[in-house]
């Protein structure tokens with residue numbers, strides 16, 4: 001069930017995802033935390049916040065645990081539109097519940113702050129990554145390079161790119177797209 005729902009959700013085909021969910025439920029297949037995370041991610045990407053909230057409430061009602069993935073999906077939904085306030089609220093809630101942030105969490109925060117034109121918060125997020133000993137991978141460096149590009153800070157972008165190579169993180173097409181062919 002989760003594989004099928006994930007395929008439709010990732011393609012933004014919300015109606016098909018919902019239709020297949022109902023079919024699986026009619027077959028007696030029960031949802032789980034991962035199922036809910038698929039819905040939250042799909043609704044968040046389409047900015048259908050009311051349904052995203054409903055799924056989150058449903059999870060609480062059924063005592064489904066909110067996971068790092070749950071919080072990441074919510075943070076990502078707000079980061080895509082540069083809604084720093086709700087992104088930070090979700091991140092604070094995540095931490096207050098003892099949930100550990102991961103690389104994706106910080107990639108979303110960095111992209112969100114860049115989208116909100118809050119470059120100083122990008123810098124503080126990068127510092128938190130070091131403090132929390134979060135693994136830095138290509139996606140992480142791409143998020144920082146993209147933020148530097150949005151801030152038009154070419155010197156910092158070059159510094160991040162050099163650090164990326166020093167840390168043996170392989171640049172990819174996204175790196176070069178945002179970095180302008182560093």
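Some notes on this structure:
- From 88, 76, 97, residue being closer than 25 Å to residue 32 by Cβ, surrounded by fewer than 24 Cβ atoms within 10 Å (Cβ to Cβ) and over 10 Å from the mean Cα position of the chain (by Cα): 97
- Hey, residue 106 within 19 Å of residue 45 (Cα to Cα) and in contact (Cβ under 8 Å) with a residue 24 or more places away in the chain or not: yes
- Scanning region 46-66 for residues that are closer than 17 Å to residue 105 by Cβ and surrounded by fewer than 16 Cβ atoms within 10 Å (Cβ to Cβ) yields a count of 1.
Since every read-out is calculated from the coordinates, none of them should be taken as a lab result. Because the structure is a prediction, the values reported are computed rather than measured. A quick note on method: Cβ atoms are made from the backbone with ideal geometry, for glycine too, and the neighbour counts reach across all protein chains shown.
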